[in-house]
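**Q** Right, I'll just put the structure down here and ask away after.
What follows draws every value from the coordinates through simple rules; no lab data is involved. Bear in mind the structure is a predicted one, so any value in this text is a computation, not a measurement. Don't worry about glycine lacking a Cβ; one is built from the backbone with ideal geometry, like all the others, and counts go over all protein chains shown.
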Amino acid sequence: MADGRGPGWRGEGCAETHQRLVSAGAAVNEGHKTHRVVVVGSGFGGLFAVRELRRAPVEVTMISRTAYHLFQPLLYQVATGILSEGSVAPATREVLRGQRNARVLTGDVTRIDLVDRTVTSVMPGKETITPYDSLIVAAGAGQSYFGHDEFAEHAPGVKTIDDALALRGCLFGSFELAEVETDPAVIERWQTFVVVGGGPTGVEIAGQIAELTRRTLPGEFRNVDPARSRVILFEAGPKVLAGFGGRLSDKAARELRRVGVEVRVNTKIVGVDGTGVDVVAADGTRSRVDAMSKVWAAGVAASPLGAQLAGQCGTQVDHAGRIKVEPDCSLPGHPEVFVVGDMMSLKNLPGVAQVAMQSGRHAAAEILRRLQGEQSRRPFHYRDKGSMATVARFRAVAGVGRLRFAGFPAWLMWLVVHLIYLVGFRNRLTSLLDWAVAFGTGGRSERTVTRSAIRRLQAEAPPRLGSDHGSAQPSPSGTPGRLGSSAPPTRRPPQ
Ligand SMILES: Cc1cc2nc3c(=O)[nH]c(=O)nc-3n(C[C@H](O)[C@H](O)[C@H](O)COP(=O)(O)OP(=O)(O)OC[C@H]3O[C@@H](n4cnc5c(N)ncnc54)[C@H](O)[C@@H]3O)c2cc1C
């Protein structure tokens, strides 16, 4: 009881202790009185599972590589300067502070041993082995580059706070570098933003970058006109937001074009490097788009922990690396282990927040039922509450059951739903204020771009790009400067 939390709370770092625990893992489990539930991941699946256990006579240990609960659906607003990272990623410890039966460990889970019933997690220089009686694995999914992992270096995804902050630095930093540039072609490259993937994430990012360039930044620069920036959304299929159905998907494409996004469907990305992308259209035509900023929002791959578990229990993972689970979300042959959220493959359920929340809660409820002596296993039934995506300010699309909404009513629904599900009153309040500023005035409160972010961008640029700083001659303040002559010969700002 070294930490006063009762037996079974084990976080010691020394190698001998680990050895002892591993070899004695099963025995430790048998001798323990209070039922120990370990939850891997602090996303939607993990957090909702832990909360469901708040009044249960169990000891819960949540282990996650991030010390925060991330509200991923609003990450793009962190990246585009609307919300602060704190608003969408409250510290998990703070969220669970009042839940006395729960403990939070930060660490990367590297191994789950189904025989010894232990979870190994690692912090730099520190390894912890935590035994469990029941386990809920909710480690989510990362980005998939469809076999082209080399694209990741130049076209990062937006899955984590680090990704969002890096993208923010890239967006705002690009304009700083364009402002001191003299070569029109180079300016155009800094002012071209490529978004890959026409699903909800890609659509939301592209829409917000366009609004940033058309509503927020104009008037702030003297050498470049942000409103002349190009924002290009590439989608390999025939439509953006294909999952929303034809009518909504067409409306979304129209709305994107209205705010200034070039929507290129039926176009595949076949190459990505530091200065642009190579694309192939449906008719086989290959072309090149020069762009320093590229964002990847296409495809997901479940956490590799899924394949590790599948290997141990002789089941399979699907094409996205999700593990096939039993109808009650447990692992075949291991009723004490549940896999939920983006990691699970069950009845073709989509990788969305509601599936993660509901399956996390279901797994926790199943553990409780069994502790109460119930022998039967209840299958997981998903209640589809609909889906929505914002396209631009005051514009969204939403599908709830058979109903379809677009425009302002859908945007209002989006606003209310996101306010409800954001964790914590303070975050709801600050987000509401930030939205009032962003949508009401066009201003954005989170625009800090650090020197290191600019240095990173310069490092990405070909040597010539970074070499002539100081030689640029911005026009005297207040004049249109070189816009007429050297601004990129691109499209007009939207009317
Ligand atoms: C940019 C973006 C926008 C989205 N927009 C929407 C939307 O509008 N609507 C919607 O319904 N869904 C949306 N989604 C999908 C939704 O966010 C996911 O379906 C949901 O977060 C899945 O929850 P999860 O708990 O399974 O995984 P996650 O929320 O991804 O949580 C996984 C957790 O596991 C931790 N973890 C991962 N690996 C390890 C490891 N090895 N060791 C320890 N911890 C680990 C992570 O740190 C994280 O805490 C969006 C996703 C993204 C990325």
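**Q** What angle do you read, to the nearest 10 degrees and between 0 and 90, between the alpha-carbon axis of helix 161-179 and the longest principal axis of the chain?
**A** 10
**Q** Amide H neighbours of Gly276 under 5 Å, at least 5 residues apart or on other chains, H built in the peptide plane: list them.
**A** The list, which skips near neighbours in sequence, is Ala291.
**Q** Of Lys239/Lys268; Lys251/Lys385; Lys268/Lys324, which sit over 24 Å apart, Cα to Cα?
**A** Numbers: Lys239/Lys268 13 Å; Lys251/Lys385 21 Å; Lys268/Lys324 30 Å.
Check vs 24 Å cut-off fails for Lys268/Lys324.
**Q** Which residue, Gly43, Val88, Ile63, has the largest displacement toward the positive end of the dipole of the range 30-107 when charges sit on each Cβ (Lys, Arg +1; Asp, Glu -1)?
**A** Value computed over the given set: Ile63.
**Q** So how tilted is helix 451-460 from the main axis of the chain? Cα-based, degrees 0 to 90, rounded to 10.
**A** 70
**Q** Treat every Asp and Glu Cβ in the range 126-181 as -1 and every Lys and Arg Cβ as +1, leave all other atoms uncharged, and give the resulting dipole magnitude about the Cα centre to the nearest 20 debye. Kindly include the intermediate steps, with their values, before the conclusion.
**A** Details: 3 positive and 10 negative charges, 55 e Å.
My answer is approximately 260 debye.
**Q** Report, in debye and to the nearest 20, how large the dipole of the range 202-333 comes out about its Cα centre when Lys and Arg carry +1 and Asp and Glu carry -1 on their Cβ. Provide the component values of the computation, followed by the final result.
**A** On the way: 18 positive and 15 negative charges, 104 e Å.
The calculation lands at about 500 debye.
**Q** Give me the three principal axis extents of the chain from the C-alpha atoms, as integers in angstrom, largest value leading.
**A** Cα spread of the chain along its principal axes, largest to smallest: 79, 52, 46 Å.
**Q** Would you mind ranking Asp149, Asp290 so that the residue whose beta carbon has the fewest other beta carbons within 10 Å leads the list? Intermediate results must be reported in sequence, preceding the final value.
**A** On the way: Asp149 11, Asp290 15.
Least crowded to most crowded, the residues run Asp149, Asp290.
**Q** While we're looking at this one, here's another question. About its Cα centre, how strong a charge dipole does the chain have in debye, to the nearest 20, once Lys and Arg get +1 and Asp and Glu get -1 at the Cβ?
**A** Details: 60 positive and 47 negative charges, 325 e Å.
Roughly 1560 debye, rounded to the nearest 20.
**Q** Write down, largest first, the equivalent ellipsoid semi-axes of the range 251-368 in whole Å, where each equals the square root of 5 times an eigenvalue of the alpha-carbon gyration tensor.
**A** Values: eigenvalues 305, 65, 28 Å².
Ellipsoid half-lengths, sorted descending, are 39, 18, 12 Å.
**Q** So what is the calculated 222 nm ellipticity per residue for the chain, using -39500 (n - 2.57) for each DSSP H run with n of 4 or more, over all residues, to the nearest 500 deg cm²/dmol? Please report the intermediate quantities before stating the final value.
**A** Working: 17 runs with 168 residues, N = 495.
Result for the chain: -10000 deg cm²/dmol, rounded to the nearest 500.
**Q** While we're looking at this one, here's another question. On a 0 to 90 degree scale, rounded to 10, what angle separates helix 425-441 from the longest Cα axis of the chain?
**A** The angle comes out at about 10 degrees.
**Q** With both bridge residues required to lie in the chain, what share of the DSSP beta bridges run antiparallel, to the nearest 5%? Kindly include the intermediate steps, with their values, before the conclusion.
**A** Values: 39 of 73 bridges.
Of the beta bridges lying entirely in the chain, close to 55 percent run antiparallel.
**Q** Given Gly199, Ser387, Trp411, which one lies farthest toward the positive end of the charge dipole of the chain, if we put +1 on the Cβ of every Lys and Arg and -1 on the Cβ of every Asp and Glu?
**A** Result: Trp411, furthest along the dipole toward the positive end.
**Q** Which is the longest run of the chain containing none of the GluC sites (Glu not before Pro) found in DSSP loop states (not H, G, I, E, B) with at most 14 other C-beta atoms within 10 Å?
**A** On the way: sites that count: Glu220, Glu374.
Here the longest run is 1-219.
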